Ligand SMILES: Cc1cc2nc3c(=O)[nH]c(=O)nc-3n(C[C@H](O)[C@H](O)[C@H](O)COP(=O)(O)OP(=O)(O)OC[C@H]3O[C@@H](n4cnc5c(N)ncnc54)[C@H](O)[C@@H]3O)c2cc1C
């Protein structure tokens with residue numbers, strides 16, 4: 001995996017070696033194209049290379065959160081847990097790279113800084129930290145959650161303790177034994193890591209700005225019998241999976257939460273709570289569309305928090321005040337229980353804001369909390385952050401950042417007006433973070449490679465979205481979002497965690513199956529909505 005003696009004129013450049021880039025490379029290589037992946041990290045794996053924090057694991061079941069493209073692969077590989085941990089998912093991706101002999105075409109430790117479309121040659125020029133390349137096609141497999149968000153706290157530079165970000169966790173083992181630790185942020189990463197760090201640290205302070213909903217994961221070791229059940233007809237299982245709104249879990253139950261009697265509702269929520277995991281969102285079919293229905297679920301979870309957390313004041317602070325699911329819901333192992341430990345304190349930043357970091361810790365109101373280490377579990381500049389860090393220059397020298405100054409717009413999330421032969425995987429305008437992202441990556445890799453095959457077979461030079469198709473798609477993405485509870489709260493889905501970012505609901509919430517069907521129709525009809533030259 002070195003950049004020595006590389007042919008610098010390629011058919012396709014893929015940026016990113018996570019689930020999306022790895023499978024994209026496999027598809028293009030199988031078509032006989034000269035394709036290379038550029039990856040800034042020192043290894044493959046993307047999210048699972050970077051997010052090594054204690055407790056990191058998937059919240060889509062392992063048997064679903066894995067590739068389906070090779071029957072041999074899915075039969076051979078065995079998962080140890082219902083929800084695999086970071087190390088196991090990384091090991092799986094490394095295995096895939098080796099098994100399909102992809103390593104020679106993945107250039108590690110190489111950041112793509114700029115890519116610009118040459119209107120004369122109709123090719124992309126790519127400038128990277130290991131030199132320049134050009135290619136007919138450019139595929140951005142850069143991930144929707146790959147640029148960390150690190151708020152600029154006053155006084156941070158004077159802090160003398162250790163700092164960590166969950167999204168760029170060090171490779172060596174960090175043990176917090178004997179330390180007083182602060183963790184800032186109570187999204188998914190904060191909620192996953194809090195119980196694990198609480199067990200190590202002398203004392204853990206959890207700094208919470210916004211309380212978040214979390215349901216128990218119900219994680220457990222996977223038995224051979226459980227896996228064999230699915231492996232007996234893995235293809236059938238996968239076909240079913242692709243028909244689900246989020247390409248995982250189950251179909252929502254076909255009943256409104258408002259039609260069920262209070263007793264029945266309680267019983268159903270209780271069953272889902274015991275089963276564990278984010279399929280809780282499908283306990284009734286209107287939790288994501290009707291605020292009244294949603295409140296019944298939100299109230300059930302808040303009652304659970306009050307039952308679990310013994311101190312009633314802390315329990316109240318942990319109860320969210322938004323609708324369930326409008327911010328990314330979390331799935332945990334012992335999160336709320338952590339607050340019953342004598343070595344865990346909740347600092348409600350909404351009540352006592354972080355005034356400043358000091359050289360010894362963090363000052364909230366008049367109280368200085370001395371900390372040996374601070375963990376930023378402050379998430380990502382989601383969906384657009386990584387793309388906009390690369391200078392992507394399209395026709396007429398317009399950059400993607402300029403094209404998206406009022407918010408991201410695209411046709412199907414895959415293609416942007418003015419950027420011919422540039423494809424974006426699992427980006428804004430596609431189901432992305434609202435669905436099983438491995439299935440999303442596979443669907444995109446398949447659609448993009450089929451599209452490239454069409455261009456090559458028909459001796460064409462470029463494909464590019466039309467203005468009308470893009471506008472219609474953006475309108476559709478907004479219409480389906482507005483019919484849900486998602487836009488009702490400030491979330492990273494809307495860009496609300498990043499100062500000055502346009503507030504647009506970015507992922508496509510119309511359902512994975514509906515999205516895939518539309519993509520396939522467009523392919524079958526010869527790419528309406530695209531200009532083919
Ligand atoms: C802790 C955590 C848990 C998650 N759990 C789930 C889950 O349970 N289910 C689910 O569906 N999703 C989950 N996700 C979302 C997860 O990001 C996706 O599932 C998936 O791993 C994304 O794969 P990807 O290949 O699209 O992007 P990534 O895995 O993010 O890979 C993108 C790669 O591109 C590289 N890159 C970016 N810019 C450049 C550049 N300019 N030059 C070179 N390289 C670049 C990055 O270094 C990165 O390695 C989780 C995310 C996190 C952070």
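Taking a ≥ b ≥ c as the square roots of the eigenvalues of the Cα gyration tensor of the stretch 200-277, is the shape rounded (a/c under 1.5), prolate (a/b larger than b/c) or oblate? Note, shape of the stretch 200-277 comes out oblate. For the peptides 441-450, 299-308, 517-526, the ranking by mean Cβ contacts within 10 Å, running from highest to lowest, is 441-450, 299-308, 517-526. Its residue count N fixes a reference of 2.2 N^0.38 Å for the chain, and the Cα radius of gyration divided by that reference is 0.97. Using the alpha-carbon positions of the stretch 377-518, Rg (one decimal) and Dmax (whole number) come out as 15.1, 49 Å. Using alpha carbon centroids, what distance separates the stretch 8-46 and the stretch 128-154, in Å? Cα centroid to Cα centroid, the span is 14 Å. Taking the convex hull of the alpha carbon positions in the stretch 468-533 and averaging its projected area over all directions gives 5.8 nm².
Can you give me the orientation-averaged projected area of the convex hull built on the Cα atoms of the stretch 214-360, in nm²? Kindly include the intermediate steps, with their values, before the conclusion.
Details: hull surface 50.1 nm².
Mean projected area for the stretch 214-360: 12.5 nm², to one decimal.
Between the stretch 331-396 and the stretch 411-479, how many Å separate their Cα centres? Cα centres, the stretch 331-396 to the stretch 411-479: 34 Å.
Helix 512-524 sits at what angle to the longest principal axis of the chain, using alpha carbons and giving 0 to 90 degrees rounded to 10? Compared with the principal axis, the helix lies near 0 degrees. The order of the peptides 457-465, 415-423 by mean Cβ neighbours within 10 Å, most packed first, is 415-423, 457-465. Each of residue 9 and residue 168 was given a label point 7 Å from its Cα along the Cα-to-Cβ line. The distance between the two points is 3.7 nm.
Extension gain for residue 500-residue 488 works out to 2.4 nm (0.36 nm per residue, less the C-alpha to C-alpha distance).
In units of 2.2 N^0.38 Å, what is the alpha-carbon radius of gyration of the stretch 1-155? It would help to have the intermediate numbers written out before the result.
Working: Rg = 16.9 Å, N = 155, 2.2 N^0.38 = 15.0 Å.
Taking the Cα Rg and dividing by 2.2 N^0.38 Å, one obtains 1.13.
Stretching the chain fully between residue 370 and residue 517 yields a gain of 47.4 nm (0.36 nm per residue, less the alpha carbon separation). Entry note, the chain: the mean residue ellipticity at 222 nm calculated from DSSP H runs of n ≥ 4, each adding -39500 (n - 2.57), is -9500 deg cm²/dmol after division by the residues and rounding to the nearest 500. Our analysis of the stretch 298-354 gives Rg over Rh at 0.95, with the two radii drawn from alpha carbon positions and Rh computed by the Kirkwood formula.
Treating each Cα of the stretch 105-217 as one equal point scatterer and applying the Debye formula with no solvent, the log10 of I(q)/I(0) at q = 0.10, 0.15, 0.20, 0.23 Å⁻¹ comes out as -0.52, -0.85, -1.15, -1.40.
Every read-out reported here was derived from the displayed coordinates using simple, explicitly stated rules and does not represent laboratory data. Everything numeric here is computed off the predicted structure, so don't read it as measured data. Neighbour counts are summed over all protein chains in view; Cβ atoms, including those assigned to glycine, are modelled from backbone coordinates with ideal geometry.
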